Amino acid sequence: MIAVLSADKNWAIGYKGDLLVKIPNDMKMFRKLTTGNVIVMGRKTLESFPNAQPLPNRVNIVMTQNPDYQAKGCVIVHNTEELLEELKNYPDKQVYVVGGESIYRELLPYCKEAYVTRIDYEYQADRYFPNLDEMEDWEMYEEGEEETFFSIEYFFNKYRRVNK
């Protein structure tokens, strides 16, 4: 599994149910990575999408503790064990974890990489991703070149789990 996210200087990822900022190149990169593959998200992340609809041309898997939850066009699982069992149905697809905070935290131990759009700014936020720079078993192996969107500077960085 690969985590895909955008985070500010403090590893903040969201505020009041939405992304901190929408950067067109970040959205384009996300689309390119995930199209044709599997994305795993929580219920709130699905509901933050336009019209609360699954993203097209992807297998959309939603993790929720609600046993009655249904979402058209999505596969629903209720825990990590169910997710891992479901993922066996997609052996030829890459699996991307796309949020939110609780799903990232639960599935980070299963991720081998993280593609992080790091935004050089501190936003007001209420959702965070674990700080990979402070975790001994993670390292940045590719730092992207500085890019800008209006006055926002950001980098496409790649992290990987290391065995220490």
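Brief remarks on what is shown
- Filtered residues of the range 11-45 (kept if in a strand (DSSP E or B) and surrounded by 14 or more Cβ atoms within 10 Å (Cβ to Cβ)): A12, I13, G14, Y15, L19, V38, I39, V40, M41, G42
- Residue match in the range 110-127 (condition: without any contact (Cβ under 8 Å) to a residue 60 or more places away in the chain and over 17 Å from G17 (Cβ atoms)): no
- Unmet criterion (only one of (1) open to solvent by 60 Å² or more (accessible area, probe 1.4 Å); (2) farther than 22 Å from I23 by Cβ; (3) touching a helix residue (DSSP H, G or I) at 6+ places or on another chain (Cβ under 8 Å)) for S102: (3)
- Of all residues in the range 48-99, those being among the small types (G, A, S) and more than 18 Å from L19 (Cα to Cα) number 2.
- Per-region count, the range 138-156, residues under 19 Å from the mean Cα position of the chain (by Cα), touching a residue at least 24 places away in the same chain (Cβ under 8 Å) and either farther than 21 Å from M41 by Cβ or open to solvent by 80 Å² or more (accessible area, probe 1.4 Å) (or both): 3
- Identity of the residue in the range 40-96, among the aliphatic types (A, V, I, L, M) and more than 14 Å from M1 (Cβ to Cβ), that ends up farthest from the chain's Cα centre (by Cα): A71
- Every pair of residues 6+ apart whose Cβ atoms lie under 7 Å, when the first sits in the range 52-80 and is within 18 Å of Y110 (Cα to Cα) while the second is hydroxyl-bearing (S, T, Y) and at pLDDT 95 or above: H78/T64
- Cross-chain or 6+ apart pairs with Cβ under 9 Å, the range 13-29 first and without any contact (Cβ under 8 Å) to a residue 60 or more places away in the chain, then open to solvent by less than 70 Å² (accessible area, probe 1.4 Å) and aliphatic (A, V, I, L, M): L19/I13
- Scanning the range 46-79 for residues that are part of a loop (DSSP other than H, G, I, E, B), polar (S, T, N, Q) and surrounded by 14 or more Cβ atoms within 10 Å (Cβ to Cβ) turns up Q53, T64.
The values are calculated or read from the model by the stated rules, or taken from the named source; none is laboratory data. What you are looking at is a predicted structure, and each value in this text was computed from that prediction instead of being measured. Neighbour counts run over all protein chains shown; Cβ positions are idealised from the backbone, glycine included. Please note that ligands, DNA and RNA were not included when accessible areas were found on the heavy atoms of the full protein model with its side chains. Shrake-Rupley method; radii C 1.70, N 1.55, O 1.52, S 1.80 Å.
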